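Notes to accompany the following structure.
The values are calculated or read from the model by the stated rules, or taken from the named source; none is laboratory data. Note that this is a predicted model, so its numbers are computed, not measured. Backbone-built Cβ (ideal geometry, glycine too); neighbour counts: all protein chains shown.
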Ligand SMILES: Cc1cc2nc3c(=O)[nH]c(=O)nc-3n(C[C@H](O)[C@H](O)[C@H](O)COP(=O)(O)O)c2cc1C
């Protein structure tokens, strides 16, 4: 299947175009995202952004602005991302911002959708050493692998098992009240499992060596050996077709309990990829900043841990006082729409 490459123009984009051209399948085309964002529905897309010395690309920002204004602009698209930098920073930041915006515009993303190259290509050192090649070759190989998965991607079977992870208190939490609204609209053939990870039940990742982590992971375990992660969460993640993260905004980030859980998924990730498991998020903030948590979910669970990102993966609301989420105008309709979307994903 041919790809459509969205390449925002700047001084560095011709070099990226030259790099990509021989790696693309026959019939692929380049589109100018400043003029040609309409009419892309249903396509396989490769976003390719070359950043300048300041970590910016003005044409990319015009595209971002367009994506953020239209919830259906990229309906039916599935995409991957390549971002290159001149310096060492901003490639991941730009990528997850763009993935969030495009996802809110209806675009799905592969698990591990990003190939990034910092200016020095230092981020490819380990992969280059493993492959016995130089960094440039490892970078090209990573793009080829991404393009291969994008071209051959097929929609996974219907969602039958959902795992919802939270770290909230049922009697007071707006986030759990939100989930309850969504959950009651899910069809009966979707089995729902919920796991609550409250204070201290999940110690954070120990940061073992790669080989130690692999060794424990092969036994379905982790350095800690027992506890809710090993006994409940790992088996439930293995079983599920969709993971729903229920996230209260704590200082513009996931709570420590949920962050520890995500970190601890590393041992399971050493064993398997989650390409067919869909990721959803419900985010509730007291004041603002829900988009920061959505981006955190994208970089941690979609880009790093390889969960598939279905269109409109995250629903974000603002409610602070206890019980106030249920009084938000239109909340029941939005929750029901989200449940229907989960069914179709
Ligand atoms: C420790 C802590 C930190 C918080 N930080 C933020 C924040 O940075 N921004 C914000 O909008 N709300 C913040 N809130 C408010 C919650 O996001 C808010 O209460 C929301 O309703 C979700 O929490 P709940 O599910 O426990 O009700 C914070 C709440 C707590 C307890």
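Data for the structure
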item	result
Residue, farthest from the ligand (Cβ to nearest atom), within the range 144-159, restricted to residues that are in a loop (DSSP other than H, G, I, E, B) and in contact (Cβ under 8 Å) with a residue 60 or more places away in the chain	153
Candidates 286, 281, 323 - the one that is closer than 26 Å to residue 200 by Cβ, more than 13 Å from the chain's Cα centre (by Cα) and not assigned by TED's automatic domain parsing to the domain that holds residue 80	286
Residue identified as touching a residue at least 12 places away in the same chain (Cβ under 8 Å) and surrounded by fewer than 16 Cβ atoms within 10 Å (Cβ to Cβ) among 336, 267, 294, 319	336
Residue 234 free of Cβ contacts under 8 Å to residues at least 40 places away in the same chain, farther than 22 Å from residue 274 by Cα and in contact with a helix residue (DSSP H, G or I) (Cβ under 8 Å, 6 or more places away or on another chain)	no
Residue count, the range 285-296 (criterion: more than 12 Å from the ligand (Cβ to nearest atom) and over 14 Å from residue 92 (Cα atoms))	1
Filter result (farther than 13 Å from residue 320 by Cα and touching a strand residue (DSSP E or B) at 6+ places or on another chain (Cβ under 6 Å)) within the range 279-295	279, 280, 281, 282, 293, 294
Residue within the range 110-125 that is within 16 Å of the ligand (Cβ to nearest atom), assigned to a loop (DSSP other than H, G, I, E, B) and either crowded, with 18+ Cβ neighbours inside 10 Å or at pLDDT below 95 (or both) present	no
Complete set of residues in the range 238-273 that are within 16 Å of the ligand (Cβ to nearest atom), outside any helix (DSSP H, G or I) and more than 23 Å from residue 332 (Cβ to Cβ)	250, 251, 252, 253, 254, 255
Residue under evaluation residue 235, criteria (1) away from the ligand (no atom under 16 Å from the Cβ); (2) surrounded by 16 or more Cβ atoms within 10 Å (Cβ to Cβ); (3) more than 18 Å from residue 169 (Cβ to Cβ), criterion not met	(2)
Residue within the range 22-31 that is assigned to a helix (DSSP H, G or I) and either in contact (Cβ under 8 Å) with a residue 60 or more places away in the chain or closer than 18 Å to residue 115 by Cβ (or both) present	yes
Residue count, the range 10-21 (criterion: touching a helix residue (DSSP H, G or I) at 6+ places or on another chain (Cβ under 9 Å) and free of Cβ contacts under 8 Å to residues at least 60 places away in the same chain)	2
Top-ranked residue of the range 297-316 - restricted to ones that are closer than 23 Å to residue 239 by Cα and within 16 Å of the ligand (Cβ to nearest atom), ranked as surrounded by the fewest Cβ atoms within 10 Å (Cβ to Cβ)	314
Residue in the range 196-209 that is surrounded by the most Cβ atoms within 10 Å (Cβ to Cβ), counting only those that are away from the ligand (no atom under 16 Å from the Cβ) and either at positive phi or touching a residue at least 12 places away in the same chain (Cβ under 8 Å) (or both)	202
Leading residue by the ranking (farthest from residue 289 (Cα to Cα)) among those in the range 319-338 that are part of a helix (DSSP H, G or I) and in contact with a helix residue (DSSP H, G or I) (Cβ under 7 Å, 6 or more places away or on another chain)	332
Selection status of residue 213, assigned to a loop (DSSP other than H, G, I, E, B), closer than 27 Å to residue 114 by Cα and in contact with a helix residue (DSSP H, G or I) (Cβ under 7 Å, 6 or more places away or on another chain)	no
In the range 160-193, the residues that are within 18 Å of the chain's Cα centre (by Cα) and either over 21 Å from residue 273 (Cβ atoms) or more than 16 Å from the ligand (Cβ to nearest atom) (or both)	162, 163, 164, 166
Selection status of residue 276, free of Cβ contacts under 8 Å to residues at least 24 places away in the same chain and away from the ligand (no atom under 16 Å from the Cβ)	no
Some residue of the range 20-40 being under 23 Å from residue 111 (Cβ atoms) and surrounded by fewer than 13 Cβ atoms within 10 Å (Cβ to Cβ)	no
